[in-house]
Amino acid sequence: MKKTVNVLALSVLLASSSALADINFNGFASIVAGATVSGNDSLWGFNDSDYFKQGSLFGLQVSSDLSEGLSVTAQIIGRGSEDWDPKFEWAYLGYQVNDELKILVGRQRAPLYMYSDFLDVSYAYPWITPPNGVYDLPLDSIDGVSAVYEFEL
């Protein structure tokens with residue numbers, strides 16, 4: 001029920017703002033297969049059945065510029081390891097104060113390594129999944145306020 005309410009709320013939000021702003025939809029997916037040889041063995045969540053479930057995911061990112069300097073971004077991901085139950089990974093408002101400073105409010109990806117930009121999409125990695133030793137962190141999203149300040153050095 002909660003999943004249905006979340007999807008409905010996002011749909012209403014997008015429908016109401018579509019008359020005012022351009023909405024960008026970007027989708028991505030990772031189809032990962034793996035299996036073990038023995039029926040009793042398991043490695044990284046893979047076993048001798050459910051070949052595609054462990055590492056596979058489907059995602060949708062929705063973003064829009066609402067008005068001058070104000071934007072909204074949401075990312076929903078359904079993971080095979082979680083029975084494809086979609087969750088909001090990101091959902092935040094951004095305000096571009098000036099050319100260098102942007103303020104973000106809401107649920108955001110934790111800004112660690114290149115983690116925030118590429119972890120789920122995986123197109124920037126030479127391997128299929130980032131190494132667990134580096135990227136397997138107890139929290140991957142934060143709720144709150146952050147600031148991004150860009151400058152040349």
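The values are calculated or read from the model by the stated rules, or taken from the named source; none is laboratory data. Since the model is a prediction, treat every value here as computed from it, not as a measurement. Heads up, the Cβs are rebuilt from the backbone with ideal geometry, glycines too, and the neighbour counts pull from every protein chain shown. In case anyone asks, the SASA skips ligands and DNA or RNA and just uses the protein heavy atoms, side chains included. Shrake-Rupley method; radii C 1.70, N 1.55, O 1.52, S 1.80 Å.
For the list (1) surrounded by 13 or more Cβ atoms within 10 Å (Cβ to Cβ); (2) among the acidic types (Asp, Glu); (3) touching a residue at least 24 places away in the same chain (Cβ under 8 Å), I need the number of the one condition that Glu100 fails.
Every condition holds for Glu100 apart from (1).
If you take the residues in the stretch 83-93 that are outside any strand (DSSP E or B) and open to solvent by less than 70 Å² (accessible area, probe 1.4 Å), which one is farthest from Gln54 (Cα to Cα)?
Initially, the stretch 83-93 is screened for residues outside any strand (DSSP E or B), giving 83-86.
Going one step further and asking which of them are open to solvent by less than 70 Å² (accessible area, probe 1.4 Å), we end up with 85-86.
Numbers: Asp85: 13, Pro86: 15 Å.
Checked the stretch 83-93; the qualifying residue farthest from Gln54 (Cα to Cα) is Pro86.
Give me the residue from the stretch 92-139 that is in contact with a helix residue (DSSP H, G or I) (Cβ under 8 Å, 6 or more places away or on another chain) and modelled with pLDDT of 75 or more and, out of that set, farthest from Val62 (Cα to Cα).
Residue satisfying both the conditions and the ranking: Ala110.
With respect to Leu60, determine if the residue is under 13 Å from Ile23 (Cα atoms), under 14 Å from the mean Cα position of the chain (by Cα) and part of a strand (DSSP E or B).
yes
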